[in-house]
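**Q** Pasting a structure here, questions to come.
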Amino acid sequence: MYAFDIERPTSVADAVAALKDQDAQALGGGQTLIPTLKQRLAAPSKLVSLTNIADLQGIANDGDTLRIGGAVTHATVAAEVRLTYPALADLASHIGDPAVRNRGTISGSLANNDPSACYPAVALASGATIITNTRAIAADDYFQGMFTTALDDGEIVTAVSMPIPEKANYQKFVQPASRFALVGVFVAKFAGGVRVAVTGASNEGVHRWAEAEAALTADFSAVAIAGLTVSADNLIADLHGSPEYRAHLVKVMTGRAVAAAS
Amino acid sequence: MMTTVTMTVNGKSVSETVEGRTLLSTLLRDDLRLTGTHIGCDTSQCGACVVHVNGKAVKSCTMFAIEAQGAEVSTIEGQANADGSLNVIQQAFQDHHGLQCGFCTPGMVMTTASLLKENPKPTEAEVRTYLEGNICRCTGYHNIVKAIMAASGQDVSSIAAEQLIS
């Protein structure tokens, strides 16, 4: 790693101030950023840790919506929302491995927007609102392509407001070495309709599958999507799978998610 | 910029002066000479460096020393019983041949301690799932799983590892 300083502010205001320095970067749990720094793929002058800020911790439930603090770890989400939003707990409990889940944070995952990460799928499928130190951003506007979000420089994700669906399920086809999603599909059924978010598949990162949403809103069953086809255009091609293979998986995993939704 | 960090390691208060980029694993191994915490991959994959920070298993190669300011850290060196004898988990690894070269063992033992705290009587499948972040290149895991089942006080005669051996 190149040399850098680390600050551990205890308030969002202090963190925002610290991030105004040139080449300063926010540090969540570090489970992606630290390996990146080790490879010298990033060279911040300063890291601003967000894990020592009480306002970024905690999960609140108002009955319809969960408000998850930005620095809440995957392990905490997995443990605390099992009864209120089981599909979210299930997703969080299958990210990485136990030690990674004890450090990795929801805001870190959402700010990084890895095209194969799990949290972008649940945020987009749930119609979440990403809350920052300056504004609230709808998930539909927040995710802007692979590793790209609506966040400005120095903007911090302070919380995620996650509407709780009537039924939901996440199906992840795991790439066995990395345990990232080769393809992951999150299906969420709300009173007003069904939302389907796909991760791992596209060069554009997480995205919704509009045709499946329309079909499932009309008839929430795996049969409803049987006649649909997924285009392989602009899907990821790598040594783990071709675009055509990923297109096939999108449909298969969507069907499984619908069948398993509860 | 050098910073002084203070934490408790295996019950003892320690202070060290570190750089921002100093990893917790580096502080433990190079500064405190607690070399039982192993660096297998340095890429967060292998789990040989797992320690407990405030009771939670973490990969010490993927956490900065400064982030452990004020924390309670436990390493493999703090796992034996007060009289120096092996604790239940360590003894089970020895009894059931849960190690060959031993390189991954510190992380395996620390991860096992974390598992059994959360889930005192795990199923074999739960053990295997929980070990996702700990890689062993010798044993094929069967005897590690068997050791963990034994450490949890469960009968190991019917688990896959036993069936394969007999």
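**Q** Within segment A:22-41, identify whether any single residue is of a type in the set (D, E), under 17 Å from B:A68 (Cα atoms) and open to solvent by 20 Å² or more (accessible area, probe 1.4 Å), and answer yes or no.
**A** No, that holds for no residue.
**Q** Same structure again: Quick check on my filter: what residues within segment A:75-94 are touching a residue at least 40 places away in the same chain (Cβ under 8 Å) and buried (at least 17 other Cβ atoms within 10 Å of the Cβ)?
**A** Result: A:Y85, A:A87, A:L88, A:D90, A:L91, A:H94.
Residue-by-condition table, conditions (1) touching a Cys at 6+ places or on another chain (Cβ under 7 Å); (2) modelled with pLDDT of 95 or more; (3) of a type in the set (S, T, Y); (4) not assigned by TED's automatic domain parsing to the domain that holds B:V109:
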residue: B:V18; (1), (2), (3), (4): no, yes, no, yes
residue: B:R21; (1), (2), (3), (4): no, yes, no, yes
residue: B:D31; (1), (2), (3), (4): no, yes, no, yes
residue: B:C49; (1), (2), (3), (4): yes, yes, no, yes
residue: B:V53; (1), (2), (3), (4): no, yes, no, yes
residue: B:K56; (1), (2), (3), (4): no, yes, no, yes
residue: B:K59; (1), (2), (3), (4): yes, yes, no, yes
residue: B:T62; (1), (2), (3), (4): no, yes, yes, yes
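**Q** For segment A:184-237, give me the residue count where each residue is buried (at least 18 other Cβ atoms within 10 Å of the Cβ), outside any strand (DSSP E or B) and touching a strand residue (DSSP E or B) at 6+ places or on another chain (Cβ under 8 Å).
**A** Adding up the residues that qualify gives 9.
**Q** Still on this model: Out of curiosity, is A:A191 touching a helix residue (DSSP H, G or I) at 6+ places or on another chain (Cβ under 6 Å) and either acidic (D, E) or at pLDDT 95 or above (or both)?
**A** no
**Q** Please count how many residues of segment A:21-37 are within 10 Å of another protein chain (Cβ to nearest Cβ) and over 21 Å from B:A57 (Cα atoms).
**A** Residues meeting the conditions: 1.
**Q** Quick one: in segment B:37-51, of everything that is touching a strand residue (DSSP E or B) at 6+ places or on another chain (Cβ under 8 Å) and facing chain A (nearest Cβ under 7 Å), which residue is surrounded by the most Cβ atoms within 10 Å (Cβ to Cβ)?
**A** B:V50
**Q** Might you let me know whether segment B:22-30 holds any residue that is touching a residue at least 60 places away in the same chain (Cβ under 8 Å), surrounded by 23 or more Cβ atoms within 10 Å (Cβ to Cβ), polar (S, T, N, Q) and more than 8 Å from chain A (Cβ to nearest Cβ)?
**A** The answer is no, given that none of the residues of segment B:22-30 is touching a residue at least 60 places away in the same chain (Cβ under 8 Å), surrounded by 23 or more Cβ atoms within 10 Å (Cβ to Cβ), polar (S, T, N, Q) and more than 8 Å from chain A (Cβ to nearest Cβ).
**Q** Would you mind listing the helices (runs of 4 or more DSSP H) fully within segment A:68-157 where at least 2 residues are more than 14 Å from every other protein chain (Cβ to nearest Cβ) and among the polar types (S, T, N, Q)?
**A** In segment A:68-157, the matching helices (runs of 4 or more DSSP H) lie at A:106-112.
**Q** State the number of residues belonging to segment A:151-170 that are more than 14 Å from the chain's Cα centre (by Cα) and surrounded by 15 or more Cβ atoms within 10 Å (Cβ to Cβ).
**A** Qualifying residue count, segment A:151-170: 11.
**Q** How many residues does segment A:4-20 contain that are within 13 Å of another protein chain (Cβ to nearest Cβ) and either under 22 Å from the mean Cα position of the chain (by Cα) or open to solvent by 40 Å² or more (accessible area, probe 1.4 Å) (or both)?
**A** 4
**Q** Further, regarding this structure: Please indicate, with yes or no, whether at least one residue in segment A:113-120 is free of Cβ contacts under 8 Å to residues at least 60 places away in the same chain, open to solvent by 30 Å² or more (accessible area, probe 1.4 Å) and either in contact with a Ser or Thr (Cβ under 8 Å, 6 or more places away or on another chain) or within 20 Å of A:V16 (Cβ to Cβ) (or both).
**A** Checked segment A:113-120: no residue is free of Cβ contacts under 8 Å to residues at least 60 places away in the same chain, open to solvent by 30 Å² or more (accessible area, probe 1.4 Å) and either in contact with a Ser or Thr (Cβ under 8 Å, 6 or more places away or on another chain) or within 20 Å of A:V16 (Cβ to Cβ) (or both).
**Q** While we're on this one: Is it true that A:D55 is more than 14 Å from chain B (Cβ to nearest Cβ), touching a residue at least 24 places away in the same chain (Cβ under 8 Å), open to solvent by 10 Å² or more (accessible area, probe 1.4 Å) and over 30 Å from A:G192 (Cβ atoms)?
**A** yes
The values are calculated or read from the model by the stated rules, or taken from the named source; none is laboratory data. On a predicted model such as this, the values are computed, not experimentally measured, just so you know. For neighbour counting, all protein chains shown are included, and Cβ atoms are generated from backbone atoms with ideal geometry for every residue, glycine included. Accessible surface is based on the protein model in full, side chains and every heavy atom, while ligands, DNA and RNA are left aside. Shrake-Rupley method; radii C 1.70, N 1.55, O 1.52, S 1.80 Å.
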